[in-house]
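Q: Let me give you the structure first, and then I'll get to my questions.
The values are calculated or read from the model by the stated rules, or taken from the named source; none is laboratory data. Because the structure is a prediction, the values reported are computed rather than measured. We place every Cβ from the backbone using ideal geometry, glycine too, and count neighbours over all the protein chains shown. SASA here: full protein model, heavy atoms, side chains in, ligands and nucleic acids out. Shrake-Rupley method; radii C 1.70, N 1.55, O 1.52, S 1.80 Å.
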Amino acid sequence: MTKTMEIFIDALLGSDDTERALFLKWMGLKMDMRSRKHMSNLRRKYKECEQKKDREAIARLDKELLDSSLGIEHYMREMGQIYEAASFGSNKISDKISSLPTLAAKLLLAGFPIELLDGDASNIPEKWNYKDHEDEVTDEDLKADFERMWTQEMGNIPGLTEKDVPCDVLMNFRSSFEHRNVTQYLQTMGKLTQYGKKQFKAKKEHVKLGKLKGLIYAHRSVKHDLQNTADNVISSCFKMTEQFAQSKGDYQTAFTKDLLDEINEHLKKAGTNYDTKFEFDLKLHICGIASRKFTEMHRKYLAEQDPLKHLKKFKSQYLSDFIDLYRKRDQCHRKAREFTQVCLNPAVTEYIDQSIGPDIVDAVLKKHPTEYSSRVLFQYTIQKELLEKSNFEDFNRYILQYNDYVKEWIYNRIVKCFSKDISLQNIKMKKLDSIMQKIMKAMEASKVDGNGSPLPNNERGAKTLIQNFCKSMNCDISISMKKVKQVLFQNTADCASFTKSLYECIEEMKIQLKDEISNSDIKETLNNVSVKPQSMLFKRVFGCGKKCPFCKTPCEAEGTDHQQHHAAVHRPKGLCGSRNDNVLCEEICTSSVLGNRTFKNQETDFEPQLYKDYRKYYPDWHIAPDMYIEASDYWKYVMVTFNKQFAECYKAEQAVYPDEWKKITKEQVLISLKKNILNIKY
Ligand SMILES: [Zn+2]
Ligand SMILES: [Zn+2]
C-alpha cells in the first residue's frame, strides 16, 4: 500500500461519522480546486501547442491533463482494488484491510457515491459538466476530455483469453482409439503441433500380415495400398480443414470429430492388414496439420471479437455522440446512416452469400446441360479433357485420387463458368432486389404500433421503429442486436425525422451494395457461400464412390443405393500400381475375367485365385467381359504414352504390352470414347 493510501484509509477509519463526512467533503473541494486551476491552464497550453503542431508537447500535456484530473473517486476505487488484491488467494488479511468493506458500506449509507461496477464503456456520463465556462469549450476540449475518459475505461476491460486448441484436438485424437491400447505410442509422442510437416510415408511397421509375414510380395502390396489410402485421407482431410478454417466463426470441437470420422471411414475400406501404429501415425499427421490451422483460425476469430478492438472500432462514433450530445446537435441522419452501414449492410450481404448456393448450381446446369446430366457423360467430359491436355500428373491424380481430382475439376469449372460474363452478378442482383423489397415492406409495417396507430414522434418512437423493423426482418436476415444497441445508444432523434433519414440511408446502401456486387468475384463468393455449389454438383455426379477392386475404375451405376457396381470400361491394372514380379501389369479386368489367369491380394490372403471366381471375394461387383475390342483404347493409349512415368512413380519396371497398342492414335481414342457413351444404356 502506498503512503498516501495509508493516510487516506487511516483518516477514514479513525474518525466518527461526522468527522469522516467533513474530511471527505474538504478533500473533495481541495482536489477540485487543484484540478480546475491546473486544467484550465493546461487546456490553454494545449491549444497553443496544437496551433504550433508540437506533437511532443501535446503528448506531454495529455498526460498532465490525465494526471491532474485526480478526484476523490480515484481514492475510493483504489480502496476497492486493495481489498480485492489482498483477499485474492489468501486467507490471512490484516484487520485494517478486512474492515474496508464495512467502511465502504458506511460511506454509501452516508450518501457518498461508490463505484460498484466499472468497465462498461458504453456508459459515458450523459452530461459532462461544462456549465461554468460553456462559451469557451471547443471541439478540441471535448475531444481531450473524451480521450481521457476513454483511456480510463479501456484500462478496465479485460481482453479475451485464448483457448488451447491443440489440447482439444489431442483429446479427441486420443479418444478416437477408444479402448485400444496406444499408451506406448503416446508416451514417445512429441508436441502435436509439430506433426504433419513432412510428407506421410507408409512404413514397414505399419503392415500387419500375421502368418504371411515372410511374403515380400504381400508386404510390398499392402504397403503400397496403405500409402495410397493415406494419400487419399490426407488430401481429403486437408480440404476439410481448409474449408472449416475459411468459415467465419470460431474453432469448434466438431471440426476435429468430423476429421477423425472421415479418417475412420477411409480406414474401414482399407482392409485389415494394417497395424494400430498406422492408424496412430496417420491420425497424428492429420491432427498435427489441423491443430496448427485451427489455432490460427481461433486467433483470427479472437482478434475480430476482442471487446477492446470492437470498442475501438466504434470509438469515433462514441466521440461524435459525445460532442453531439454536448452541443445538442441534430444527430438524426448520422444515426440512421450508422444503423444501415453497421447493422443492416452486413446482414444483407450475409443473406446474399448464404442463399445463392442453389442458384449458382442452377446456372451451371443451365450452361452445361450435358456434362452433369449423367455419371457417364460427366466421365466422358473429364476424360476427354485429360486426353487433350495429355499431362501425366493429371492422369496420375485422376487414377489415384479420384475424389479430389473430381472435386477440384468441378470447382475450376464453376470458376471458369462465372469468370467470363456477368451471370454471377445477375444472380446476386436478383437476390438483392428481393431482399430490398422485403426491407421496404418491413419499414412500412414498422411505422405503426401493435394496434395500427402511428408511433409517437419522439425518441421512444424512433426506438420502437427500429425494434419493429428488426423483428419483422428476423426471419430473412440476422441483424446483430448488440450492434444495434451500440449504434442507437443515445439516439435523441424524433421518430418522424429519423424515419425520413432512414429511408434515405437505405437507398444509399442499396446503391453501394449494387456497386459491390458488380465488382464481386466468383472465388471469393464460393468461399463465403454456405451451401457450396461445388459439393452439390459433386454429389450429383459422384454416385456410390466404389472402385473396381482390381483397376480402381470408379463405379458407373447411377445413384448410391444400387445392388451391383459396374463400369463399362476398365483399365490396365498397372496404371494403379498393380504388378507381376515388379513389372507393371498390362491386363485389363474385362479380359482377365475370361481366361484362366489368377490374382492374389489381401482378400485372398495372398493365395492365387482365378479371376473368373472374383465374385467369391467381391460379390457386389459385376465385371462384364469386353464388349468390343476397342473399348479400352483410351487407357491402352495412356499406358503406352506414360509407361515410363508410371513405372517411375510406382518404383516398378515398365509394363510389357502387345505391339498393336502402339498403333492406337489419339483420334482413335477419341472415337472410342464417344462410342462408349453410345453403347451404354442409361
Ligand atoms: Zn477393373
Ligand atoms: Zn456402385
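Q: For Q609, enumerate residues with amide H under 5 Å from its amide H, sequence gap 5+ or separate chain, H modeled in the peptide plane.
A: Correct list: F599, K600.
Q: Can you give me the distance in nm between label points at D433 and V415, each placed 7 Å from the Cα along the Cα-to-Cβ direction?
A: Calculated label separation equals 3.0 nm.
Q: I'd like the accessible area for R220: 1.4 Å probe, protein heavy atoms, all chains in place, Å² to the nearest 10.
A: Here the accessible area works out near 100 Å².
Q: Sort I263, I216 from largest to smallest accessible area, using a 1.4 Å probe on the heavy atoms of the protein chains. The partial results should precede the final answer.
A: On the way: I263 0, I216 130 Å².
The residues order as I216, I263, largest area first.
Q: Just the accessible area for L284, please: 1.4 Å probe, Å², rounded to the nearest 10?
A: Taking all protein chains as shown, L284 has close to 10 Å².
Q: Does the stretch 464-587 come out rounded, prolate or oblate, given a ≥ b ≥ c as the square roots of the eigenvalues of its C-alpha gyration tensor, rounded meaning a/c under 1.5 and, failing that, prolate meaning a/b above b/c?
A: Because a/c hits 1.5 or more and a/b exceeds b/c, the stretch 464-587 counts as prolate.
Q: If DNA, RNA and ligands are ignored and the probe is 1.4 Å, what is the ranking of M31, M536 by accessible area, most exposed first?
A: So, going from the largest accessible area down, we get M536, M31.
Q: A further question follows. What percent do you get for the relative contact order of the stretch 165-305 when only Cα pairs under 8 Å and 6+ apart count?
A: Relative contact order of the stretch 165-305: 45 percent.
Q: Calculate the spin-label point distance for R180 paired with H38, positioning each point 7 Å from the Cα along the beta-carbon direction, and give it in nanometres.
A: 7.1 nm
Q: As a quick test, which of the pairs K293/K651; K163/K539; K438/K500 have an alpha carbon distance above 27 angstrom in this structure?
A: K293/K651; K163/K539
Q: Given +1 on the Cβ of Lys and Arg, -1 on the Cβ of Asp and Glu, and no further charges, what dipole in debye does the chain carry about its Cα centre, rounded to the nearest 20?
A: I would put it at about 1840 debye.
Q: Now, a different point. I'd like to know which of C237, N596, F469 lies farthest towards the positive end of the charge dipole of the chain, counting +1 on Cβ of Lys and Arg and -1 on Cβ of Asp and Glu.
A: Final value for the positive-end residue is N596.
Q: Cross-link partners among aspartates and glutamates for K30, C-alpha distance below 14 Å, same-chain residues fewer than 8 apart left out?
A: Correct list for K30: E73.
Q: Please give, to one decimal in nm, the separation of the simple spin-label points placed at K315 and V448, each 7 Å out from Cα toward the Cβ.
A: 4.7 nm
Q: At q = 0.12, 0.16, 0.19, 0.20 Å⁻¹, work out log10 I(q)/I(0) for the stretch 326-455 with the Debye formula, treating every Cα as an identical point scatterer and leaving solvent out; two decimals please.
A: -0.70, -0.95, -1.15, -1.20
Q: In debye to the nearest 20, how big a dipole does the stretch 165-305 give about its Cα centre with +1 on each Lys and Arg Cβ and -1 on each Asp and Glu Cβ?
A: The calculated dipole for the stretch 165-305 is roughly 640 debye.
Q: Accessible area of the stretch 400-485 with a 1.4 Å probe: how many percent of it is carbon plus sulfur? Walk me through the numbers on the way to the answer.
A: Values: 2450 of 4750 Å².
In the stretch 400-485, the share of accessible area belonging to carbon and sulfur is 52 percent.
Q: Here's another thing I want to ask about it. Give me the extension gain from E19 to S68: residue separation times 0.36 nm, minus the current Cα-Cα distance, reported in nm with one decimal.
A: Value of the extension gain: 15.0 nm.
Q: I would also like to ask the following. Quick check on the stretch 165-305: what are the equivalent-ellipsoid semi-axes from the Cα gyration tensor, as sqrt(5λ), descending, whole Å?
A: Result for the stretch 165-305: semi-axes of 30, 15, 12 Å.
Q: Before I look further, what does the stretch 165-305 give for accessible area per residue, probe 1.4 Å, in whole square angstrom?
A: 54 Å²
Q: Now for a different question. Once you have all Cα-Cα distances for the stretch 281-394, histogram them in 10 Å bins from zero and send the whole-percent values.
A: 10, 16, 19, 23, 16, 11, 5, 1
Q: Under 15 Å Cα to Cα from K389, which aspartates and glutamates show up? Leave out anything in the same chain fewer than 8 places away.
A: Answer for K389, where 15 Å is the Cα cut-off: E667, listed by chain and number.
Q: Once you've got the Cα coordinates, tell me which of K573/K666; K143/K485; K208/K407 are over 29 Å apart. Before the final figure, lay out the partial values.
A: Numbers: K573/K666 21 Å; K143/K485 23 Å; K208/K407 33 Å.
Cα-Cα > 29 Å for K208/K407; rest within.
Q: Ok, one more. Tell me which trypsin sites (Lys or Arg not before Pro) from the stretch 566-657 have a DSSP coil assignment and no more than 13 other beta carbons within 10 Å of their own.
A: K651
Q: Taking square-rooted eigenvalues a ≥ b ≥ c of the alpha carbon gyration tensor, is the stretch 138-190 rounded, prolate or oblate, where a/c under 1.5 means rounded and, failing that, a/b exceeding b/c means prolate? Don't skip to the answer; put the middle values down first.
A: Numbers: a/c = 7.94, a/b = 5.91, b/c = 1.34.
The shape class here is prolate.
Q: Run the 1.4 Å probe and let me know the accessible area of I671, rounded to the nearest 10 Å².
A: Rounded to the nearest 10, that gives 110 Å².
Q: One-quarter of the Cα convex hull surface for the stretch 401-532, in nm²?
A: Taking a quarter of the hull surface, the average projection is 10.2 nm².
Q: Here's something else I'd like to know. Test of the criteria: in the stretch 134-237, which GluC sites (Glu not before Pro) are in a DSSP loop and have at most 11 other Cβ atoms within 10 angstrom of their Cβ?
A: For GluC sites (Glu not before Pro) across the stretch 134-237 that sit outside H, G, I, E and B with at most 11 neighbouring Cβ atoms in 10 Å, the list reads E162, E178.
Q: Take every Cα pair under 8 Å in the chain that's 6+ residues apart, average their separations, divide by the length, and report that relative contact order as a whole percent.
A: RCO, the chain: 11 percent.
Q: Once the stretch 282-325 is represented by equal point scatterers at the alpha-carbon sites, with solvent omitted, what log10 I(q)/I(0) does the Debye formula produce at q = 0.17 Å⁻¹?
A: Ignoring solvent entirely, the Cα scatterers give -0.61.
Q: In addition: Using DSSP to define loop residues, name the GluC sites (Glu not before Pro) in the stretch 504-602 whose beta-carbon has at most 16 other beta-carbon atoms within 10 Å.
A: E558
Q: Take the stretch 534-682, compute every pairwise Cα distance, and split them into 5 Å bins from 0; I just need the percent in each bin.
A: All Cα pairs considered, the percentages come to 2, 9, 16, 20, 20, 17, 11, 5, 1.
Q: Give the angle, between 0 and 90 degrees and rounded to the nearest 10, that separates the Cα long axis of helix 495-518 from the longest principal axis of the Cα atoms of the chain.
A: 30 degrees
Q: From zero up to wherever the largest Cα-Cα distance of the chain sits, split into 20 Å bins and tell me the percent of pairs in each.
A: Result returned by the calculation: 13, 31, 27, 18, 9, 1.
Q: Of K197/K532; K47/K312; K213/K636; K430/K483; K384/K532, which ones are farther than 31 Å apart at the Cα?
A: From the list (K197/K532; K47/K312; K213/K636; K430/K483; K384/K532), the Cα-Cα distance tops 31 Å for K213/K636.
Q: A further question on this structure: Please list, in order along the stretch 360-377, the HN-Hα scalar couplings obtained from phi with the Karplus expression 6.51 cos²θ - 1.76 cosθ + 1.60 (θ = phi - 60°), rounded to whole Hz, x for Gly and Pro.
A: Those phi angles translate into 5, 4, 4, 5, 5, 5, 5, 6, 10, x, 7, 5, 9, 6, 8, 5, 5, 5 Hz.
Q: Moving to a separate point now. Keeping every protein chain in place, order M429, M79 by accessible area at 1.4 Å, biggest value first, i.e. largest first.
A: Sorted descending by solvent-accessible area, the residues read M429, M79.
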